[in-house]
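Have a look at the structure below, then the notes.
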Amino acid sequence: MTFSGINLRQGRRETTALAAFMLLQSVAAIFFVGDAFTDLVTDVGSPHSVFEFFVAFVLIVGIFLAGWQLRLTLERLRHQERALGAARGDLARIIDTQFAEWGLTPAESDVGLLALKGLDLSEIAQLRGAAQGTVRAQLTRIYAKAGVSGRHQFAAWFVEDLLQDGLSAKPQTVPQA
């Protein structure tokens, strides 16, 4: 389960909970409006009738506000899904472009991508139908072409550029003694 999958699932749960809450509010509003209307007709101007009418009014306003919030939540969820899709596509494009710049062969590109996804040597060998020694040699060539010493530096090469903009945007403060 990915971090983004958790966020999307949580967003859907929140949306469902908000919709269910709105439904309960609507049922309560119908009851209170009917009761307040009956009280106002039978006992015009009594504090109890006016209070029930006020409660019904506030409940109806709450339903409209919850509906507005539900709409905003759905828009935010759709926006996050689009942004996540765009980020995935951009990262894939960046990886493909960099692999081409390093001059990786198609087989090396496949192995490099699997390594970036976090698969270990035996998993990559099994998926590719190759010997572990072959995959190890391909990874060594990939690291040499990339100018890195191993898997961690290889992955960090891609993450560094993605994080650099976010880190440079934060003001650097020096703690005072």
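Filter the stretch 36-60 for residues that are under 21 Å from residue 21 (Cβ atoms), open to solvent by 50 Å² or more (accessible area, probe 1.4 Å) and touching a residue at least 12 places away in the same chain (Cβ under 8 Å) and give the result.
60
Return the pair list, or none, for Cβ contacts closer than 8 Å from residues in the stretch 120-132 that are free of Cβ contacts under 8 Å to residues at least 40 places away in the same chain and over 12 Å from residue 110 (Cβ atoms) to residues that are part of a helix (DSSP H, G or I) and acidic (Asp, Glu), at least 6 apart or on different chains.
Once the first residue is free of Cβ contacts under 8 Å to residues at least 40 places away in the same chain and over 12 Å from residue 110 (Cβ atoms) and sits in the stretch 120-132, no partner that is part of a helix (DSSP H, G or I) and acidic (Asp, Glu) comes close enough.
For the stretch 1-14, give me each residue that is modelled with pLDDT under 75, open to solvent by 100 Å² or more (accessible area, probe 1.4 Å) and not aromatic (Phe, Trp, Tyr).
The answer is 1, 9.
Select, from 17, 28, 66, the only residue that is surrounded by 15 or more Cβ atoms within 10 Å (Cβ to Cβ), without any contact (Cβ under 8 Å) to a residue 40 or more places away in the chain and assigned to a helix (DSSP H, G or I).
None of the others qualify; the one that does is 28.
Does residue 75 qualify as being without any contact (Cβ under 8 Å) to a residue 40 or more places away in the chain, of a type in the set (D, E, K, R) and open to solvent by less than 40 Å² (accessible area, probe 1.4 Å)?
Judged against the criteria, residue 75 is not a match.
The values are calculated or read from the model by the stated rules, or taken from the named source; none is laboratory data. For clarity, every value in this text was computed on a predicted model and none was experimentally measured. With ideal geometry, Cβ positions are generated from the backbone for all residues, glycine too; neighbour counts draw on all protein chains shown. All accessible areas refer to the heavy atoms of the entire protein, side chains included, with ligands and DNA or RNA removed. Shrake-Rupley method; radii C 1.70, N 1.55, O 1.52, S 1.80 Å.
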